[in-house]
Structure formats: C-alpha cells, structure tokens
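Trainee: There's a structure below that I have some questions on.
The values are calculated or read from the model by the stated rules, or taken from the named source; none is laboratory data. Please read these numbers as outputs of a predicted model, since none were measured by experiment. We place every Cβ from the backbone using ideal geometry, glycine too, and count neighbours over all the protein chains shown.
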C-alpha cells in the first residue's frame with residue numbers, strides 16, 4: 001500500500017549538535033525556514049510554533065519526541081491558509097545520523113498525510129528549500 | 001545518503017531507473033513487489049536498480065515492520081538545479097515549459 005509520506009535526505013558537513021541547534025533555535029530557523037522563528041520548550045507534549053516576523057504562527061504542532069541531538073518528532077499543522085489549517089495534523093520527524101566526524105545525514109520525514117492532501121501538495125517544494133537552506137546555513141557557520 | 005553528482009547522473013542515465021523514479025513519484029512508499037509488477041521485471045533486477053538509486057541518494061527508504069518502503073528523495077536534483085540555474089532563470093524556464101505543454105495540448109486537440 002502506498003503511503004503519501006514525503007522523505008528528504010541530505011548530507012551536511014557539520015556536527016549533530018550544530019544541526020540540532022539549527023532545527024531548534026529561532027535565530028537559526030529565521031535564516032532558512034521562510035523567515036520564521038521556532039518557539040518551544042522542547043518537552044514532550046509541549047507546543048511548538050514557527051512564528052512569522054509579525055508574531056503570527058505559520059505552522060504549529062505538539063512535541064511527540066525530543067531526543068537531542070538525534071531525533072525530533074512533532075505534529076504539524078500549516079496555518080498560512082484556512083484550507084490547510086482545517087486539515088488534521090500531520091507529523092514531521094527530524095533524524096540526524098553521524099556518518100563520520102563532522103559529516104551527518106539529516107532525514108526529514110513528513111507523514112500522516114493521508115487525510116491532509118492539500119498540505120502535502122503545498123509543503124513539498126517548501127521542504128526542499130528549507131533543507132537546502134539549512135545545509136547552506138549550517139555549513140557556512 | 002547524498003553522493004557525488006557523478007553518481008546522480010550515472011543513476012539517471014538508465015531509462016529503467018528513470019521509470020522507477022516516475023513510479024515512486026506517483027506511488028510514494030511503494031515496496032519492491034509493487035515496483036516490480038508494473039515494470040514487468042524480476043524483483044532481483046528491480047532490486048539492483050534500486051540499489052544504484054539509493055547509492056546516488058535519489059531514493060530514501062523507510063521500514064515498517066518487515067516492509068521496506070521507497071521514496072523519491074528530490075534533494076540531489078535540487079542541488080543540481082541550484083548549481084546551474086538561478087532562481088530567476090528557473091522561473092523563466094518553468095514558464096517556457098508551461099508554454100510548450102499548453103501548445104502541445106492544443107496540438108492534441110486539433
């Protein structure tokens with residue numbers, strides 16, 4: 001059976017800790033995640049939001065798993081259009097694997113999209129830009 | 001994993017492997033059996049092609065239980081685009097492709 005997940009893998013020349021910081025700190029996400037600042041206490045069951053410059057949320061979710069600097073799982077609801085905000089939450093998993101010293105594989109999986117087809121259509125190219133931007137930002141640091 | 005660009009072009013040079021990517025684009029998460037069937041190929045043959053695609057970073061895999069699911073990983077293709085095509089040029093190129101598609105559809109109708 002087909003599963004409409006989106007999976008992105010990229011190799012990044014950096015440490016797991018630096019990549020983790022890039023995913024979880026607002027100063028970093030502003031550089032590559034559509035100018036949004038991530039806000040969360042990063043505790044399981046807690047909230048997470050990606051905030052626009054005006055303080056509104058572009059997306060939000062709940063922290064399902066947080067295992068620094070290896071694995072972060074949150075639910076995901078896009079808020080930039082009512083069509084998307086009304087779809088049930090999907091799930092985003094960030095996994096970091098250390099391949100060699102200062103060389104990691106980052107895998108981003110956006111799944112549970114079966115009942116969120118509009119979200120799936122809209123986020124695909126966005127993730128490509130985010131992930132490529134994340135690598136550029138981290139490797140330039 | 002993301003390999004050298006040589007591996008990406010080598011993987012894309014084969015029509016069967018491009019067809020596999022087409023199937024994965026349409027059917028994300030397809031298993032080996034699901035990929036072998038529409039291509040009318042043995043699982044062993046498909047498996048070899050998948051290994052090349054995985055080695056080039058074009059296919060990412062996920063396990064659920066004993067089932068291995070395959071996904072098209074677009075990141076190496078984006079890297080190729082970023083290398084030679086600026087954002088501005090990408091928009092113009094896209095419009096030209098849309099124009100061609102529109103013209104060809106007209107031709108089909110005629």
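Trainee: Does residue A:53 count as without any contact (Cβ under 8 Å) to a residue 24 or more places away in the chain, surrounded by 15 or more Cβ atoms within 10 Å (Cβ to Cβ) and away from every other protein chain (no Cβ under 14 Å)?
Mentor: In short, no.
Trainee: Say we look at the stretch B:1-34 and pick out the residues that are within 13 Å of chain A (Cβ to nearest Cβ), assigned to a helix (DSSP H, G or I) and out of contact with any strand residue (DSSP E or B) (no Cβ under 7 Å at 6 or more places or on another chain); which of these is farthest from residue B:65 (Cα to Cα)?
Mentor: B:5
Trainee: Please enumerate the residues belonging to the stretch A:8-30 that are surrounded by fewer than 16 Cβ atoms within 10 Å (Cβ to Cβ) and either more than 14 Å from chain B (Cβ to nearest Cβ) or part of a helix (DSSP H, G or I) (or both).
Mentor: Selection gives A:17, A:25, A:26, A:27.
Trainee: Looking only at the stretch A:38-54, count every residue that is over 22 Å from residue A:71 (Cβ atoms) and part of a strand (DSSP E or B) and tell me the total.
Mentor: Total meeting the criteria: 1.
Trainee: Okay, next question. Answer yes or no as to whether residue A:63 is in contact with a strand residue (DSSP E or B) (Cβ under 6 Å, 6 or more places away or on another chain) and buried (at least 19 other Cβ atoms within 10 Å of the Cβ).
Mentor: In short, no.
Trainee: Within the stretch A:98-105, is there a residue that is away from chain B (no Cβ under 14 Å), surrounded by fewer than 15 Cβ atoms within 10 Å (Cβ to Cβ) and not in a loop (DSSP other than H, G, I, E, B)?
Mentor: Scanning the stretch A:98-105 turns up no residue that is away from chain B (no Cβ under 14 Å), surrounded by fewer than 15 Cβ atoms within 10 Å (Cβ to Cβ) and not in a loop (DSSP other than H, G, I, E, B).
Trainee: What number of residues in the stretch B:51-76 are farther than 20 Å from residue B:14 by Cβ, facing chain A (nearest Cβ under 9 Å) and without any contact (Cβ under 8 Å) to a residue 24 or more places away in the chain?
Mentor: Qualifying residue count, the stretch B:51-76: 1.
Trainee: Those residues that are closer than 14 Å to residue A:4 by Cβ, more than 10 Å from every other protein chain (Cβ to nearest Cβ), touching a strand residue (DSSP E or B) at 6+ places or on another chain (Cβ under 9 Å) and surrounded by fewer than 18 Cβ atoms within 10 Å (Cβ to Cβ), I need them from the stretch A:115-141; list them, please.
Mentor: A:115, A:118, A:122
Trainee: Is it fair to say residue A:83 is in a helix (DSSP H, G or I) and at pLDDT below 95?
Mentor: yes
Trainee: Need the failing condition index for residue A:1 against (1) surrounded by 13 or more Cβ atoms within 10 Å (Cβ to Cβ); (2) modelled with pLDDT under 95; (3) not in a strand (DSSP E or B), just the number.
Mentor: (1)
Trainee: Select, from B:46, B:78, the only residue that is assigned to a helix (DSSP H, G or I) and assigned by TED's automatic domain parsing to the domain that holds residue B:18.
Mentor: B:46
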